[in-house]
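Below is one structure; the comments refer to it alone.
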Amino acid sequence: MPYEIDETHDPKLESWVESANDPATDFPIQNLPLCDFTGTIGDQQDRKLAVRIGEKLFLLDKALEAGLFPSLPSDLDGTFWAGFTGNRDVYSIYELESGVRKELRRRLSELLGTTCDDLRGNPELIDRVLIDAAAADFYWPPSAFDYTDFYASVYHATNVGSMFRPDNPLLPNYKWIPVGYHGRASSVVPSGTPVRRPTGQLSPAEEGGAPGFGPCKMLDYELELGVVVGRGNELGQPIPIGEAEDHILGMCLLNDWSARDMQKWEYVPLGPFLAKNFATTVSPYIVTMEALAPFRSPAMVRPDGDPKPLPHLFDERDQAHGGIDITLEVFLASKQMRDKKMDPIRLSKGTFKDMYWTIAQMLTHHSSNGCNMQPGDLLGSGTISGPTREARGCLLELTWDGDPFANPPKLVPGTERTPIKLPTGEERKFIADGDEVIIRGYCEREGFRRIGFGECRGIIEPAIG
């Protein structure tokens with residue numbers, strides 16, 4: 001794998017940015033995620049690329065302008081600089097070779113650490129390169145990219161399949177290919193953006209009847225991670241599995257909002273459409289693959305009898321290190337709860353280690369027909385679910401009383417559900433207007449500093465009309 005543990009992951013490292021040393025922060029010096037934002041800098045409103053450190057944003061263009069990266073290759077003067085300043089394509093930083101990104105990370109760690117005076121000994125320069133994160137409006141998506149959503153959790157696929165096909169929950173292709181669908185990039189929105197309840201065709205109340213048209217009655221969230229593509233590939237040139245992670249910049253949190261009643265009606269024969277493309281919410285920070293190096297794990301061990309991936313999807317290194325130990329939690333706060341200043345309740349807790357397909361396999365399969373990936377492309381992991389009820393990644397699963405992983409399996413019709421009880425006395429089988437869904441993610445491992453992804457938030461607004 002191209003991402004190795006080095007001195008930037010040392011848990012003893014501290015920063016002169018005091019908020020980065022808080023044990024509870026998602027953004028210690030060992031993280032340094034990228035973000036794209038607009039904010040007032042000096043007397044100008046501008047769009048910038050930055051690195052999050054504690055409660056601050058480190059402005060990359062100002063630091064480069066001040067000569068704080070003397071060891072970076074001189075041939076970066078064009079694309080690298082343009083990416084920082086926004087004068088050209090903001091994806092320039094995404095396209096850097098992993099070795100250059102690694103050098104950039106080392107220098108950032110040095111500049112923000114307590115043993116280097118190049119920056120901390122210059123208060124005037126600090127004021128130019130460091131601003132409060134609270135003053136920024138985060139910008140996502142960047143100006144142009146594609147979005148594809150996968151279905152990479154075998155637990156999620158089995159749960160959902162068991163509701164509708166209890167005798168055959170997984171379709172024949174599931175364990176052979178990373179199943180996905182092409183999403184809608186224009187409706188990917190940053191965390192905190194309100195989400196309008198969609199209106200559409202709903203499945204008939206009786207078999208053979210006519211569908212209805214109106215607001216979605218079964219609105220759901222889906223707990224996912226987003227994979228952000230760095231370097232792309234030429235049209236017609238697949239990305240080999242052994243090189244796939246060289247093309248990945250990092251990861252973010254993702255909520256693939258889903259209208260289940262619309263989905264049930266439209267998904268056969270061509271898959272998700274209007275039930276999925278009305279909104280997808282993402283967190284603003286890209287946690288780089290370099291930062292995730294200490295938290296790698298083996299790919300999920302396939303049960304006896306499952307097929308070995310075809311050669312184009314199999315790589316020994318990916319099997320040994322292709323998993324990532326990311327803990328993910330989903331919380332919900334109704335309007336009543338927020339009005340009464342109650343804390344959100346946790347709905348679920350799971351781990352990205354439980355995914356059947358790795359991120360390298362997803363990217364390789366996407367490009368295996370010659371599809372050209374581009375810098376900034378977003379790949380959704382699909383709903384992240386685990387083998388227990390607590391680890392189910394959406395309300396469709398959480399409120400369902402079946403358990404296909406019990407021995408023997410316990411399956412009941414999908415219409416029989418136990419609602420989630422809120423502290424206000426409210427109940428939820430699906431999301432109500434005014435509900436806020438919050439996704440959080442973090443990595444922990446003994447001997448290393450905890451790092452986090454921030455939050456992915458969205459409040460549901462009523463349908464129009």
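Where a number appears in this text, it was derived from the coordinates with a stated rule and is not lab data. As the structure is a prediction and not an experimental result, all values here were calculated from the model. Neighbour counts run over all protein chains shown; Cβ positions are idealised from the backbone, glycine included.
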- Query: Full extension from Arg184 to Ala134: what is 0.36 nm times the residue separation minus their Cα-Cα distance, to one decimal in nm?
  - Reply: 15.1 nm
- Message: I'm spelling it out carefully: the read-out is Cα extents along the principal axes in Å, the candidates are (1) 86, 50, 36; (2) 71, 55, 41; (3) 72, 60, 46, and one was derived from this structure. Which label?
- Response: (2)
- Using alpha carbon centroids, what distance separates the range 413-465 and the range 211-258, in Å? 19 Å
- Along the dipole axis of the chain (charges at Cβ: +1 for Lys and Arg, -1 for Asp and Glu; origin at the Cα centre), the most positive-end residue among Thr281, Gly200, Val330 is Gly200
- Round to the nearest 0.05 the FRET efficiency obtained for Leu171 and Asp117 when R0 = 45 Å and r is the Cβ-Cβ distance. 0.15
- Note on the chain, DSSP bridge orientation, antiparallel percent to nearest 5 equals 90 percent
- Would you please put 320-331, 197-208, 14-25 in order of how densely packed they are, using the mean number of other Cβ atoms within 10 angstrom per residue and starting with the highest? 320-331, 14-25, 197-208
- Task: May I ask you to order 50-58, 419-427 by the average number of other C-beta atoms within 10 Å around their residues, highest value first?
- Result: 50-58, 419-427
- Task: Collect residues whose amide H, placed 1.01 Å from N in the peptide plane, falls under 5 Å from the amide H of Lys56; neighbours closer than 5 in sequence don't count.
- Result: Ala133
- Within the range 433-456, backbone nitrogen closer than 19 Å to the virtual label 7 Å beyond the Cα of Thr193 toward Cβ: 434-440, 454-456
- Based on the Cβ-Cβ distance from Glu55 to Glu97, what FRET efficiency comes out when R0 is 30 Å, to the nearest 0.05? 0.45
- Once amide H atoms are placed 1.01 Å from N in the peptide plane, what residues at a sequence separation of 5 or more from Glu444, or on another chain, have their amide H within under 5 Å of its amide H? Thr327
- Query: From the phi of every residue in the range 167-179, what ³J(HN,Hα) in whole Hz does the Karplus formula 6.51 cos²θ - 1.76 cosθ + 1.60 yield, where θ is phi - 60° and glycine or proline is x?
  - Reply: 8, 8, x, 9, 6, x, 7, 4, 8, 10, 9, x, 6
- 11 Å cut-off, amide nitrogen to a point 7 angstrom out along Leu310 Cα→Cβ, residues in the range 359-400: 365, 368-369
- Put in order of increasing Cβ neighbours within 10 Å, starting from the fewest, Cys116, Cys35, Cys371, Cys394 give Cys116, Cys371, Cys35, Cys394
- Using the Cα centre as the reference, give the magnitude of the dipole from point charges on the C-beta atoms of the range 322-384 (Lys, Arg: +1; Asp, Glu: -1; all else neutral), rounded to the nearest 20 debye. 380 debye
- Task: Report the calculated FRET efficiency for Ala205 and Asp127 (r = Cβ-Cβ distance, R0 = 45 Å), to the nearest 0.05.
- Result: 0.10
- Using θ = phi - 60° and the Karplus form 6.51 cos²θ - 1.76 cosθ + 1.60, what ³J(HN,Hα) does each residue of the range 404-412 get, whole Hz, x for Gly and Pro? x, 9, 6, 10, x, x, 10, 10, 10
- Kindly rank 4-11, 148-155 from highest to lowest mean number of other beta carbons found within 10 Å of each residue. 148-155, 4-11
- Message: Under the rule of at least 5 residues apart or a separate chain, name every residue whose amide H is placed under 5 Å from the amide H of Asp146.
- Response: Asp377, Leu378
- Task: Kindly state, as a whole number, the per residue volume in cubic angstrom of the convex hull around the alpha carbon atoms of the range 88-244.
- Result: 232 Å³
